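Peer 1: I'd like to ask some things about the structure below.
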Amino acid sequence: MQELNEKEKDMVRRLDWKAMQDYGASFFCLEKLARTRGVSNPEMVAHFRGESLEQFLKTRRVPGAR
């Protein structure tokens with residue numbers, strides 16, 4: 001099993017979702033990591049899109065979604 005290099009460790013420490021996705025991390029693995037850190041799926045997707053959670057939720061048609 002290969003260990004993470006410094007660049008990879010930095011992305012994980014900062015929870016830089018977009019950088020990890022761009023680097024090739026599986027979305028499903030990112031969802032698992034987010035869950036362990038208390039980050040909701042909408043929060044993570046908002047980060048992918050470069051938006052705040054509030055901005056992202058305004059694009060959804062699900063009242064009260066979080």
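The values are calculated or read from the model by the stated rules, or taken from the named source; none is laboratory data. Quick caveat, the model's predicted, so the values are computed rather than measured. No Cβ is skipped: glycine too gets one built from the backbone with ideal geometry, and neighbour counts run over all protein chains shown.
Peer 1: Inside region 18-30, can you point out the residues that are surrounded by fewer than 10 Cβ atoms within 10 Å (Cβ to Cβ) and within 22 Å of GLU51 (Cβ to Cβ)?
Peer 2: PHE28, the sole residue that qualifies.
Peer 1: Moving on to the next point. If I ask for residues that are in a helix (DSSP H, G or I) and surrounded by 13 or more Cβ atoms within 10 Å (Cβ to Cβ), which ones from region 32-48 would you list?
Peer 2: Selection gives LEU33, ALA34, ASN41, PRO42, GLU43, MET44, VAL45, ALA46, HIS47, PHE48.
Residue-by-condition table, conditions (1) at pLDDT 95 or above; (2) at negative phi; (3) in contact with a His (Cβ under 9 Å, 6 or more places away or on another chain):
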site: ASN5; (1), (2), (3): yes, yes, no
site: LYS9; (1), (2), (3): yes, yes, no
site: ARG13; (1), (2), (3): yes, yes, no
site: LYS32; (1), (2), (3): yes, yes, no
site: THR36; (1), (2), (3): yes, yes, no
site: VAL39; (1), (2), (3): yes, yes, yes
site: VAL45; (1), (2), (3): no, yes, no
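Peer 1: Also: Could you tell me whether any residue of region 20-27 is in contact (Cβ under 8 Å) with a residue 24 or more places away in the chain and either part of a helix (DSSP H, G or I) or touching a Leu at 6+ places or on another chain (Cβ under 8 Å) (or both)?
Peer 2: Yes, because at least one residue in region 20-27 is in contact (Cβ under 8 Å) with a residue 24 or more places away in the chain and either part of a helix (DSSP H, G or I) or touching a Leu at 6+ places or on another chain (Cβ under 8 Å) (or both).
Every residue, every condition in (1) more than 11 Å from the chain's Cα centre (by Cα); (2) touching a residue at least 24 places away in the same chain (Cβ under 8 Å), yes or no:
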site	(1), (2)
ASN5	yes, no
ASP10	yes, no
LEU33	no, no
SER40	no, yes
GLU43	no, no
ALA46	no, no
LEU57	yes, no
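Peer 1: Could I ask something else about it? Report, by residue number, each residue of region 1-48 that is charged (D, E, K, R) and under 20 Å from ARG60 (Cβ atoms).
Peer 2: LYS18, GLU31, ARG35, GLU43 - these are the residues of region 1-48 that are charged (D, E, K, R) and under 20 Å from ARG60 (Cβ atoms).
Peer 1: For region 31-48, which residues satisfy the criterion of being aliphatic (A, V, I, L, M) and out of contact with any helix residue (DSSP H, G or I) (no Cβ under 6 Å at 6 or more places or on another chain)?
Peer 2: Selection gives LEU33, VAL39, VAL45.
Peer 1: Could you tell me which of the residues LEU15, LEU4 is in contact with a helix residue (DSSP H, G or I) (Cβ under 9 Å, 6 or more places away or on another chain), loosely packed, with under 15 Cβ neighbours inside 10 Å and of a type in the set (A, V, I, L, M, F, W, C)?
Peer 2: On the way: LEU15 fails: loosely packed, with under 15 Cβ neighbours inside 10 Å.
Answer to the check: LEU4.
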